[in-house]
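One structure is given below, encoded as structure tokens.
Since every read-out is calculated from the coordinates, none of them should be taken as a lab result. None of these values were measured; they are calculated from a predicted model. So basically every Cβ, Gly included, is an ideal-geometry build from the backbone, and we count neighbours across all protein chains shown.
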Number of protein chains: 2
Amino acid sequence: MPQEIPEVVIDRLPVYVRALAALERQGREVVNSQELGERLGVTPAQIRKDLSYFGRFGKQGRGYNVGRLLEELRQILGLTKEWPMVLVGVGQLGRAIVAYGGFVPQGFRIVEAFDVDAKIVGATVDGLTVKSLDSLPQVVKRRKVEIAIVAVPAATAQDVIDMLVGAGVKAILNYAPIAAHAPASVQIKDIDPVLSLQSMTFYVNNAGGKT
Amino acid sequence: MPQEIPEVVIDRLPVYVRALAALERQGREVVNSQELGERLGVTPAQIRKDLSYFGRFGKQGRGYNVGRLLEELRQILGLTKEWPMVLVGVGQLGRAIVAYGGFVPQGFRIVEAFDVDAKIVGATVDGLTVKSLDSLPQVVKRRKVEIAIVAVPAATAQDVIDMLVGAGVKAILNYAPIAAHAPASVQIKDIDPVLSLQSMTFYVNNAGGKT
DNA sequence: GTATGTGAACCACTTCACAGCA
DNA sequence: TGCTGTGAAGTGGTTCACATAC
């Protein structure tokens, strides 16, 4: 149904969700675009325009009901359900990802972990038994997993991604430092701290700020 | 000196650097914008336009000399030197960051680690002795550190960032899930896998791809 | 002949500014 | 009166297309 919504808008919604959740925990009932914008470093107009793609959630003269808007955005983003995920690559990085406590509270849970390395397969990591990569397609299908996390070395990452796409995965969080290729029907987001550092050094070197 | 260069352009340069480095390892001497674009999922015009902000690095009818262009871009980004960094927050996430092997080969090295927790201060993590947060300003100044990594809980992240800014740090890689505030003269890049997941679920839920 | 470098055209996102509703 | 929702205007980035250089 939503078709011409800019991707940047979708990328901002989770940020709004987080801010609203914080406000709700503080017991706030109402917030306006002005205040929300200040907290997030975004203009009020931006927020109102973003929300207008999806409906009318505010009340003129008042602002937005925090709980209501939060619920609406969660619904829009699909955050009202639990998302099972598979992890591919159980090396040092993969283990850190499994141990990371930030996913589960937001409804994202790694339910299976895979690796090619025979020395790792069969081991238990944080309660997960590492499976052979060969079994990935069947497991993905059986457990109806739509999201995967890739934490393998750059050299094998594209192959792994191809395999995941073939298995029917619809979204991939990629920690491998490569420019991954996938059909447009599959979402890919890269997590790449080195790229972030390498672009920041430009500004540090050419001091004076980004403007 | 460079002043009207879009930030998105700067963000793409490290991607070009990585591709060029890979080509160089393969022994390639020349590459054109067409091929580079295909590898990176970027249009050839984009690449040529991006590079044109900084100079004329190509030869008509031929393309770009891989080694030459790589060297130029490294120079532009400031990647020809070593960048010492400090880490704040030596919990589970912080330890994983220290252990991460992707920084050092690119010239980024964590030289000091800090924490508030008295139980952690004094401990040795991967060869680093964890220092008290109180000593951060002096250490940053003495060692002339310009880049910091923040891996503390959300609740204390803004305070830590303020402290880093006060100490003179010029770039911050922020792993805390907050919308951080800092003066425009200080670069901030966020690493936030949860936000990435939360926006991808939108497209998974509304299947049919991003177009 | 071939691929760069670049002004111009195009497109997408952001911000403005105000009508309209609570 | 106050703040949303939104067309219209503005801004910034991408793509085109071709003159230019090898």
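List of remarks:
- Selection count, the range B:67-107, where residues are in contact (Cβ under 8 Å) with a residue 40 or more places away in the chain, outside any helix (DSSP H, G or I) and either in contact with a strand residue (DSSP E or B) (Cβ under 9 Å, 6 or more places away or on another chain) or more than 23 Å from B:Gly37 (Cα to Cα) (or both): 9
- Single residue of B:Gly27, B:Gly78, B:Gly94 found to be on the phi > 0 side of the Ramachandran plot, buried (at least 17 other Cβ atoms within 10 Å of the Cβ) and more than 15 Å from DNA strand D (Cβ to nearest atom): B:Gly78
- Being in contact with a Leu (Cβ under 9 Å, 6 or more places away or on another chain), surrounded by fewer than 21 Cβ atoms within 10 Å (Cβ to Cβ) and in contact (Cβ under 8 Å) with a residue 40 or more places away in the chain is a property that holds for A:Phe54.
- Among residues of the range A:36-53 being closer than 13 Å to A:Leu69 by Cβ and out of contact with any Lys or Arg (no Cβ under 9 Å at 6 or more places or on another chain), the one that is farthest from DNA strand D (Cβ to nearest atom) is A:Leu36.
- Scanning the range A:115-131 for residues that are surrounded by 15 or more Cβ atoms within 10 Å (Cβ to Cβ) and part of a strand (DSSP E or B) turns up A:Asp115, A:Val125, A:Leu128, A:Val130, A:Lys131.
- Residue check, A:Ala184 touching a Lys or Arg at 6+ places or on another chain (Cβ under 7 Å) and surrounded by fewer than 17 Cβ atoms within 10 Å (Cβ to Cβ): yes
Quick grid of which residues meet (1) within 17 Å of the chain's Cα centre (by Cα); (2) of a type in the set (Phe, Trp, Tyr); (3) under 17 Å from A:Leu93 (Cα atoms); (4) more than 7 Å from chain B (Cβ to nearest Cβ):
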residue	(1), (2), (3), (4)
A:Phe108	yes, yes, no, no
A:Asp115	no, no, yes, yes
A:Ala118	no, no, no, yes
A:Val121	no, no, yes, yes
A:Leu136	no, no, no, yes
A:Ala157	no, no, yes, yes
A:Ala180	yes, no, no, yes
A:Ser185	yes, no, no, no
A:Ile188	yes, no, no, yes
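- Meets criteria (among the hydroxyl-bearing types (Ser, Thr, Tyr) and crowded, with 18+ Cβ neighbours inside 10 Å) for A:Ser33: yes
- Within the range A:11-38, being more than 18 Å from B:Pro177 (Cβ to Cβ) and within 10 Å of chain B (Cβ to nearest Cβ) holds for one residue alone: A:Glu38.
- Residues in the range A:43-66 that are of a type in the set (Gly, Ala, Ser) and near DNA strand C (Cβ under 10 Å from one of its atoms) were compared, and the one that is nearest to B:Asp190 (Cα to Cα) is A:Ala45.
- Number of the exception - A:Val66 against (1) at negative phi; (2) buried (at least 17 other Cβ atoms within 10 Å of the Cβ); (3) within 14 Å of another protein chain (Cβ to nearest Cβ): (3)
- Test: residue in the range B:55-66 that is assigned to a loop (DSSP other than H, G, I, E, B) and more than 16 Å from DNA strand D (Cβ to nearest atom): no
- All of B:Leu40, B:Leu13 fail the test of being surrounded by 12 or more Cβ atoms within 10 Å (Cβ to Cβ), touching a residue at least 60 places away in the same chain (Cβ under 8 Å) and either within 13 Å of DNA strand C (Cβ to nearest atom) or under 24 Å from B:Gln60 (Cβ atoms) (or both), apart from B:Leu13.
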